[in-house]
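Questions regarding the structure given below will be posed in turn.
The values are calculated or read from the model by the stated rules, or taken from the named source; none is laboratory data. What you see is a predicted model, and the numbers here were worked out from it, not measured in a lab. Glycine gets a Cβ as well: all are built from the backbone with ideal geometry, and neighbour counts include every protein chain shown. Ligands, DNA and RNA are stripped out before the accessible areas are found, and what is left, the full protein with its side chains, is counted by its heavy atoms. Shrake-Rupley method; radii C 1.70, N 1.55, O 1.52, S 1.80 Å.
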Amino acid sequence: MTEFPKATLRVGFVGSGFIAHFHLKSMLGVRNVEVTGVYSRSAENRQRFVDQVTELGLGACTGHDSLESMLHADNVDAIWILSPNHTRLDIMRTIHAEVKAGRSKVFAVACEKPLARTVREAREMLSLATDAGLNHGYLENQVFSTPVLRGKEIIWRRAASTTGRPYLARAAEEHSGPHEPWFWQGDKQGGGVLSDMMCHSVEVARHLLTAPGAPRSSLKIKAVNGTVANLKWTRPHYADQLRARFGAEVDYRNRPSEDFARGTITLEDEDGNELVIEATTSWAYVGAGLRIQLELLGPEYAMEFNSLSTGLKVFMSREVKGSEGEDLVEKQNAEQGLMPVLEDEAGVYGYTDENRHMVECFRKGETPLETFEDGLGVVEMLMGLYRSAETGETVRFPAPELEDYVPVVARRGA
């Protein structure tokens, strides 16, 4: 039986791609943690990850060629699931089987957003974690971003306490498109930009509207209305760009996923007051780089944040020439001109505080702020928005028809 608190949480990563390295970088700002294992199908990627752990001084990391091997290791306490969406349920099934059979001493699991591709998958993820007795955390980084943490604390302490709770949250996230081919494939990813990015927007907005200390379930979802569109990447020139970049599997001439989505979610608080979330996401935005915009409005106050309105900016003339990169801001689209710089992307985007929170909760045996239950709630909202976009009608909750619903762009592989 595990005794808490543990002096150090020993973490094993499943996945070694872009988001895994983002999480790894953020662990530099987390105490009482070591990254002791990684499982990836690619031996080259495993070794690159192990080398980076060593370089960062985050522990003695072992590369594993199977998930079972890492789960059986005696120096792994918790698993971070950071692999592509279509692999996560099978990974969770394996974790459940090994823990239940007594072959693994893992006692906690965290999963990157979104928790699953459908409501049924998300519900099984939660059921497996619960049945295995695992502490579980849903990795939604924007809830833990430094502007959100500080902004929510100020608004609720100074403004909401004297003039009334906030009633409208707006969240938008936009960039020029994902890094990896599976994001563009509706069956593997579970959808398009709505699944990929609106999971951030709806949950950070719901978090801002939730009273401090109250569970996310204190707000009841009443209705959702969604719109999706193909604005950029189905145009022949850009569809051919995707095919050239990622290969024949990404065929936006014949099998596109939406690159724009808008959603409105109506909720009700504990006192029956109506609250509203407005969310917009896009893979068709071309600016300096990834842009996150957040607003929280109440009776006598407003809060706003734009990730590209940075304090640090640099200017580079036409004479400054170099290779493309993302050294100034994620999804960077230019290397010249006036450019915003995020001095600490892992901190501003929330990965550092997210991982610090999860590590401390798992180490102490406490329930995290975001759990698989919250991840399930997010998937329910997303599927409602997809269903609304398909039918052209508002989806009202409770909506049992969403249990087996699969978005149109994901059905070919369902």
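Go over the candidates 253, 262, 243 one by one and state the one that is open to solvent by 20 Å² or more (accessible area, probe 1.4 Å), free of Cβ contacts under 8 Å to residues at least 60 places away in the same chain and either among the polar types (S, T, N, Q) or in a strand (DSSP E or B) (or both).
One residue alone meets the criteria, 262.
Any residue at all in the range 341-349 that's in a loop (DSSP other than H, G, I, E, B), of a type in the set (Phe, Trp, Tyr) and buried (at least 21 other Cβ atoms within 10 Å of the Cβ)?
Scanning the range 341-349, I find at least one residue that is in a loop (DSSP other than H, G, I, E, B), of a type in the set (Phe, Trp, Tyr) and buried (at least 21 other Cβ atoms within 10 Å of the Cβ), so the answer is yes.
Return the residue satisfying two criteria in turn: it lies in the range 145-168 and is among the hydroxyl-bearing types (Ser, Thr, Tyr) and within 17 Å of the chain's Cα centre (by Cα), and of such residues it is surrounded by the most Cβ atoms within 10 Å (Cβ to Cβ).
Only one residue tops the list, namely 145.
Kindly list the number of the only condition in (1) under 21 Å from residue 411 (Cα atoms); (2) more than 26 Å from the chain's Cα centre (by Cα); (3) aliphatic (A, V, I, L, M) that fails for residue 244.
Here residue 244 meets the rest and fails (1).
Only one residue in 122, 129, 171 is under 25 Å from residue 343 (Cα atoms), open to solvent by less than 10 Å² (accessible area, probe 1.4 Å), out of contact with any Asp or Glu (no Cβ under 7 Å at 6 or more places or on another chain) and at pLDDT 95 or above. Which one?
Of 122, 129, 171, the one residue that is under 25 Å from residue 343 (Cα atoms), open to solvent by less than 10 Å² (accessible area, probe 1.4 Å), out of contact with any Asp or Glu (no Cβ under 7 Å at 6 or more places or on another chain) and at pLDDT 95 or above is 171.
Restricting the range 1-51 to residues that are β-branched (Val, Ile, Thr) and part of a helix (DSSP H, G or I), which is nearest to residue 331 (Cα to Cα)?
19
Turning to a different aspect of this structure: Which numbered condition trips up residue 95, out of (1) modelled with pLDDT under 95; (2) in contact with a Ser or Thr (Cβ under 8 Å, 6 or more places away or on another chain); (3) among the β-branched types (Val, Ile, Thr)?
That leaves (1) as the condition not met.
Inspect all residues belonging to the range 88-98 and state whether any of them is among the basic types (Lys, Arg), more than 23 Å from residue 6 (Cβ to Cβ) and touching a Phe, Trp or Tyr at 6+ places or on another chain (Cβ under 8 Å).
For the range 88-98, residues among the basic types (Lys, Arg), more than 23 Å from residue 6 (Cβ to Cβ) and touching a Phe, Trp or Tyr at 6+ places or on another chain (Cβ under 8 Å): absent.
Within the range 169-195, can you find the residues that are within 26 Å of residue 219 (Cα to Cα) and either among the β-branched types (Val, Ile, Thr) or assigned to a strand (DSSP E or B) (or both)?
If the condition is that a residue be within 26 Å of residue 219 (Cα to Cα) and either among the β-branched types (Val, Ile, Thr) or assigned to a strand (DSSP E or B) (or both), then 169, 170, 171, 172, 173, 193 are the ones that fit.
Keeping to the range 79-107, report how many residues are over 13 Å from residue 125 (Cα atoms) and either in contact (Cβ under 8 Å) with a residue 24 or more places away in the chain or in contact with a helix residue (DSSP H, G or I) (Cβ under 9 Å, 6 or more places away or on another chain) (or both).
Final tally of qualifying residues: 13.
What is the residue count in the range 108-153 for residues that are assigned to a strand (DSSP E or B) and touching a residue at least 60 places away in the same chain (Cβ under 8 Å)?
9
Restrict the check to the range 371-383 and report whether at least one residue is farther than 21 Å from residue 194 by Cβ, outside any helix (DSSP H, G or I) and modelled with pLDDT under 95.
Scanning the range 371-383 turns up no residue that is farther than 21 Å from residue 194 by Cβ, outside any helix (DSSP H, G or I) and modelled with pLDDT under 95.
For the range 388-414, how many residues meet the condition of being open to solvent by 20 Å² or more (accessible area, probe 1.4 Å) and more than 30 Å from residue 145 (Cα to Cα)?
Residues that pass the stated criteria total 18.
Would you say residue 332 is open to solvent by 40 Å² or more (accessible area, probe 1.4 Å), modelled with pLDDT under 95 and either within 30 Å of residue 401 (Cα to Cα) or of a type outside the set (Phe, Trp, Tyr) (or both)?
no
Taking the range 1-23 only, how many residues are among the basic types (Lys, Arg) and in contact with a Lys or Arg (Cβ under 9 Å, 6 or more places away or on another chain)?
1
Report, by residue number, each residue of the range 53-93 that is surrounded by fewer than 18 Cβ atoms within 10 Å (Cβ to Cβ) and of a type in the set (S, T, N, Q).
The answer is 54, 66, 69, 75, 87.
Let me ask something else. Looking only at the range 175-224, how many residues end up being touching a strand residue (DSSP E or B) at 6+ places or on another chain (Cβ under 9 Å) and open to solvent by 30 Å² or more (accessible area, probe 1.4 Å)?
2
Here is a follow-up. Among the residues of the range 306-329, write down those that are in contact with a Gly (Cβ under 9 Å, 6 or more places away or on another chain), modelled with pLDDT of 80 or more and more than 21 Å from residue 292 (Cβ to Cβ).
Scanning the range 306-329 gives 315, 316.
For the structure I just gave you, tell me whether residue 202 is assigned to a strand (DSSP E or B), β-branched (Val, Ile, Thr), under 23 Å from residue 389 (Cβ atoms) and at pLDDT 95 or above.
no
For every residue, the table says whether it meets (1) at pLDDT below 95; (2) closer than 22 Å to residue 215 by Cα.
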{"site": "239", "(1), (2)": "no, no"}
{"site": "261", "(1), (2)": "no, no"}
{"site": "264", "(1), (2)": "no, yes"}
{"site": "280", "(1), (2)": "no, no"}
{"site": "285", "(1), (2)": "yes, no"}
{"site": "292", "(1), (2)": "yes, no"}
{"site": "297", "(1), (2)": "no, yes"}
